[in-house]
Each structure stands twice: as C-alpha cells, then as structure tokens.
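Since every read-out is calculated from the coordinates, none of them should be taken as a lab result. In this text, all values refer to a predicted model and were calculated from it rather than measured experimentally. Cβ coordinates were reconstructed from backbone atoms using ideal geometry, including for glycine residues, and neighbour counts include every protein chain displayed.
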Amino acid sequence: MSGDNIEKALEELSSQLSGDQILREEVDRYAYSYDSSGVEYVPDAIIRPRKLEEVSIVLEIADKYGVPVTPRGSGTSLVGGPLAVRGGFILDMQGMNRVIEKDDSTGIIRVEAGIKLRDVNRLINGMFLPINPDGIGFSTIGGMIAEDAASPLSVRYGTMRDHVRGLEVVIPGGQMISLEQPGPPSKRNAMDLMIGSEGTLGVITSALIELSYRPEARISYSMELNDVSDSLTIYDAIRRAGIDIYGFEVYHNYKELIEEREFVGVEAIGFLEIAGASECVEKWRGKVEGILAETALEHMEVEAEEVEGIWVRREKIYELCKRRKVSMRVVSMLSYQNLVRDIVQEVDRTSSRMKIPSITVIDPPLGWVTAIFLYNSRDPKEVERTERAASNLIENATSLGASLGFGTGVGIYKLDENYDEGYLSIMKAIKGVLDPHGIMNPEKLI
C-alpha cells in the first residue's frame with residue numbers, strides 16, 4: 001500500500017463525507033492506536049460513518065485503492081482486534097448507534113453495530129443481553145459479534161452467537177448483505193461465518209438480537225479456595241444436586257497482584273451465582289452453602305445490593321495495568337474440565353520461567369481458562385519474554401486438547417497451521433473470495 005493510494009482514497013472520500021467524519025490529526029490517530037491489550041499501531045486516518053451507505057462508500061473506495069480497513073467499536077478488545085496493524089483506515093462505528101426497532105413482547109431488537117451493551121440493556125424492562133465481556137457494558141454490539149464474545153454468564157446463556165438472529169454486513173467493494181432468520185439453513189450458516197470472524201470478512205453494520213429475561217431471584221457467593229481443582233469439585237457437586245449455575249468464575253493469583261497482599265494457603269478466589277424462580281433459589285440455598293462449607297476454605301453470601309458488582313472483577317485487572325503502566329498479553333483457551341488444573345499449572349510454570357507475572361481466570365463449568373500476562377510493552381526484552389511465554393503456553397495447552405480464542409477472539413496473535421490447519425485453510429479460501437485484495441482487518445485471526 002502506497003501513501004499515494006491513501007491520499008487518493010481520502011480525496012474521494014472527502015467528496016462524499018463531511019469534514020468531521022475524517023480525522024487525520026496526529027493526536028486523533030494516536031487516540032485510535034491502542035485498545036485494552038496495550039499494544040499500539042497508528043492508523044493513517046479515522047473514518048466515522050453515520051449510516052449504512054457511508055460504510056459501503058468507504059469499503060468501495062478502500063477496496064479500489066487497496067487501503068486496509070479496520071472496524072472499531074469501543075476499543076475494549078484484549079487481543080488487538082481493532083488495531084490498524086498495516087495502517088490504513090480505522091472505521092469508527094460508534095456513530096452508528098441507533099435503535100432501529102424493538103418489540104417489548106418478544107425481546108427482539110434491531111440495533112446498529114455501534115450501540116453499547118449498557119444502552120441495549122436499558123431498552124426493555126425486565127430483559128437484557130447477558131453477554132458482558134468487559135463487565136461494565138462499554139463494549140459495542142458489533143465488536144461483541146465480531147469476536148463472538150463470552151462472559152461469566154456464558155455457562156447459562158452461551159456466547160454472543162446464541163443471541164444473534166440477523167445481521168447486516170458490508171463486504172469489500174461496498175456490497176451490502178442481509179442475513180436474517182427465518183430462512184433456509186444456508187442463511188444461518190452464512191451468518192455464523194460472519195460471527196467470530198473478527199472483522200476479517202466484512203463490516204457488521206446492524207444486528208437483530210434476542211434479549212433474555214432477567215432472573216426473578218439471585219444469590220451470590222464469594223469464596224477462598226486452597227486449590228483451583230476445588231472449584232471443579234464444587235461445580236460437580238452443584239451439578240449433581242440438580243442446581244443450575246448462573247455464573248462461576250475463579251481468579252488465580254488475583255489477591256496477590258490486585259490487592260497486593262499475601263494470602264497463605266489461598267490459591268484462588270471464586271464468585272458463584274445461582275439464579276431462577278424465587279422458590280427454586282431458596283430451595284437451592286441450603287444445598288449450595290453445604291457444598292461450599294465442605295470444599296471452600298471460606299465462603300460468604302454477597303449482599304443483595306452488591307450482587308450486580310461481582311462480575312466486574314476483570315475491570316480491576318485493567319485498573320491494575322493502568323496503575324502499574326503495564327500491558328496485557330491474553331491467551332484465552334477452552335478445554336475439557338479435567339484438564340483445567342493442568343493448564344493453570346502450565347500458566348504458572350511459564351510465568352515463573354519467563355519472569356512475567358500472570359493472573360489466570362477460570363470458568364469451571366465451561367472449561368474456559370484465560371491467562372493474562374502483565375508486561376512492560378516499552379521494554380523490548382520483556383516483550384520478547386512475554387511472547388515466548390504466550391507461545392510456549394499455547395503450544396503446551398493445545399497439545400492437551402485446548403482450543404484458542406474462546407470469548408475474546410485471537411486478534412493480532414493469529415492462528416498457526418500447527419494448531420488448526422483445517423480451519424485456517426477454509427477461512428483463507430473464504431477470505432480470498434470475499435476480500436480478494438486483503439483489505440479487511442489484515443494481520444488478524446488468520
């Protein structure tokens with residue numbers, strides 16, 4: 001990509017968009033150069049569309065001149081998803097944040113991709129979208145769909161894919177495509193292809209979403225655990241008792257790093273929530289407390305007014321990074337439950353060997369393990385050690401049968417043929433058809 005092509009593309013765009021929709025000042029370009037991963041890549045320009053037709057214009061002109069386009073929402077990605085690795089244009093979708101339609105009786109809503117989760121969850125009383133990857137509702141719907149986001153409540157509600165009923169997408173060249181159910185199975189297959197493709201195939205401009213009812217009653221517990229394996233024991237006992245878990249998340253090395261205190265004998269802290277009809281929750285309360293008393297070192301019920309806050313612990317990790325001025329290298333893995341302990345131990349060994357501190361977040365019901373390495377991105381040697389740590393962990397975890405990118409996407413770290421050759425071959429072939437000039441979010445996923 002030459003600088004001349006960028007200038008030609010911007011000249012054409014300037015004739016079709018208003019001046020405030022194209023940002024080129026250095027301060028603006030640097031403001032869009034990072035996300036929650038802490039990695040930085042500076043774009044050549046930022047384009048801020050306000051409607052579908054403008055997205056189409058941008059992709060038509062960018063494809064014509066071979067200019068990379070990187071879609072961006074709120075910038076909450078942990079894996080560099082919205083970073084312009086090859087420069088080119090950042091497509092800031094936050095200006096497309098309208099509610100197109102909503103049905104209070106069914107919980108079906110149609111919204112533009114730039115709307116934030118917290119605004120979606122205010123639309124219909126008693127209903128919500130339970131996938132909340134950053135814990136504070138700041139993520140945009142388009143970004144969550146692109147990454148097929150997950151959250152602590154995914155044990156009950158699945159991932160973002162399970163809530164999408166239709167998509168509107170623009171592909172390179174500017175063609176606008178509607179993928180919506182009901183329809184033939186092939187239409188759902190095409191929609192599923194776009195979900196989780198991390199912006200490498202096209203730009204999601206709007207979505208048809210089905211909201212869920214909020215539970216009638218909830219009880220939550222915090223606990224201290226002697227061993228990560230104890231969380232698996234607790235999960236198995238609760239499941240055997242016929243109790244539905246609403247959410248269960250465990251943090252390893254959390255207290256030492258976040259609260260900066262030593263807790264002798266405490267390997268992890270956990271947060272558990274049970275939800276459902278009031279009579280069921282009250283019936284389950286005694287059984288759950290009995291199970292926790294047998295296995296956890298300590299446990300306590302969370303006060304009702306604090307229940308909403310138990311799933312925002314990841315935000316404290318972001319706060320730690322800001323306080324220490326460090327970046328995060330995230331490796332998200334999905335494994336069989338009986339291998340969770342082995343993977344957590346592998347994270348610890350890797351962290352110790354490479355002298356890179358880490359926090360590991362575990363979702364026992366799903367077998368979801370997220371390793372978060374904390375490092376100084378300004379120190380080349382530490383960056384190198386961190387990448388070696390991540391690479392070693394990925395190699396060892398995948399040899400145990402783990403898959404990569406669950407809930408967060410893969411982003412700039414890309415998949416390697418050694419880990420999933422079949423998937424990569426198919427995705428590269430599809431991308432070659434939909435994006436022959438390779439302009440869509442290059443250097444991501446594949």
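Table for the structure above
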item: Charge dipole magnitude, Cβ of K and R +1, D and E -1 - the range 217-310, Cα centre, debye nearest 20; result: 480
item: Distant-in-sequence amide H partners of THR205 (H built 1.01 Å from N, under 5 Å); result: GLU168, VAL169, VAL170
item: Acute angle (nearest 10 degrees) that the helix 313-324 long axis makes with the longest principal axis of the chain, alpha-carbon atoms; result: 70
item: Rounded to the nearest 20 debye, dipole of the range 11-166 from Cβ charges on Lys, Arg, Asp, Glu; result: 520
item: Crossing angle, helix 185-194 versus the chain [Cα axis fit, 0-90 degrees, rounded to tens]; result: 90
item: From phi via Karplus (6.51, -1.76, 1.60), per-residue ³J(HN,Hα) for the range 431-441 in Hz, x at Gly/Pro; result: 4, x, 7, 6, 9, x, 8, x, 8, 7, 6
item: Lysine pair count for the range 1-152 [Cα-Cα under 30 Å; pairs on different chains or 8 or more apart]; result: 6
item: For the range 109-181 versus the range 61-108, the gap between their alpha-carbon centres in whole angstrom; result: 12
item: Reciprocal of mean inverse Cα separation for the range 128-238 (Kirkwood radius, Å); result: 16.1
item: Rounded tilt (10° steps) of 380-399 against the dominant C-alpha axis of the chain; result: 70
item: Contact order relative to length of the range 208-343, as percent, for alpha carbon pairs under 8 angstrom and 6 or more apart; result: 34
item: About the Cα centre, charge dipole magnitude for the chain (Lys/Arg +1, Asp/Glu -1 at Cβ), debye; result: 380
